[in-house]
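J.: This structure is in structure tokens; I'll ask about it shortly.
The values are calculated or read from the model by the stated rules, or taken from the named source; none is laboratory data. Since this is a predicted model, take the numbers as computed values, not measurements. Neighbour counts run over all protein chains shown; Cβ positions are idealised from the backbone, glycine included.
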Amino acid sequence: MNVMRTMAVGVGASLWLASVGAMAQEPGASQPQHAKETRVLEEGAPKIAKQCLSLALDSGENRDIQGKSIYDTNAWDYTADDLEGDDTFELLVDLLGPGNTKYNLTCQVDADGQVTFESVEASSTVKSNPGGA
């Protein structure tokens with residue numbers, strides 16, 4: 001009988017310790033890490049950033065970016081008035097990939113707002129806003 005009582009007390013103590021440990025865990029500690037909020041996630045992507053993504057998809061070479069979301073961009077820095085002659089603005093658009101992957105798109109925008117696609121590369125960093133996101 002003492003063996004049964006000892007086992008019951010032991011099991012009860014184990015359950016109590018497990019529940020205390022779960023309560024002591026920091027809130028959200030077992031939750032997956034979410035992407036840091038960006039202006040794009042808060043307000044939506046600007047038109048020229050969407051155009052850059054569309055041109056990258058139309059190029060046919062970038063199947064890896066199909067269905068990926070725009071995470072960040074420097075599109076808000078584009079001002080046609082700042083461009084002279086044949087100058088262009090380097091538009092950077094970052095997409096969220098699987099895991100820690102980011103797809104960095106590079107496009108050029110001229111003074112008339114025409115967007116041309118240049119390249120896409122996979123990396124683990126955001127290129128459009130290195131200090132922000």
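J.: Among the residues of region 77-92, how many are part of a strand (DSSP E or B) and among the aliphatic types (A, V, I, L, M)?
T.: Total meeting the criteria: 2.
J.: Would you point out the residue of region 28-53, among those that are modelled with pLDDT under 90 and of a type in the set (S, T, N, Q), that is nearest to Y71 (Cα to Cα)?
T.: T38
J.: Further question on the same structure: What's the total number of residues in region 93-115 that are surrounded by 13 or more Cβ atoms within 10 Å (Cβ to Cβ), within 16 Å of the chain's Cα centre (by Cα) and in a loop (DSSP other than H, G, I, E, B)?
T.: Total meeting the criteria: 2.
J.: So in region 65-92, with the set limited to residues that are in contact with a Phe, Trp or Tyr (Cβ under 7 Å, 6 or more places away or on another chain) and within 17 Å of S124 (Cα to Cα), which one is surrounded by the most Cβ atoms within 10 Å (Cβ to Cβ)?
T.: Looking at residues that are in contact with a Phe, Trp or Tyr (Cβ under 7 Å, 6 or more places away or on another chain) and within 17 Å of S124 (Cα to Cα), I get K68.
J.: Now a separate question. Would you check if E118 is in a strand (DSSP E or B) and touching a strand residue (DSSP E or B) at 6+ places or on another chain (Cβ under 6 Å)?
T.: Spelling it out, E118 is indeed in a strand (DSSP E or B) and touching a strand residue (DSSP E or B) at 6+ places or on another chain (Cβ under 6 Å).
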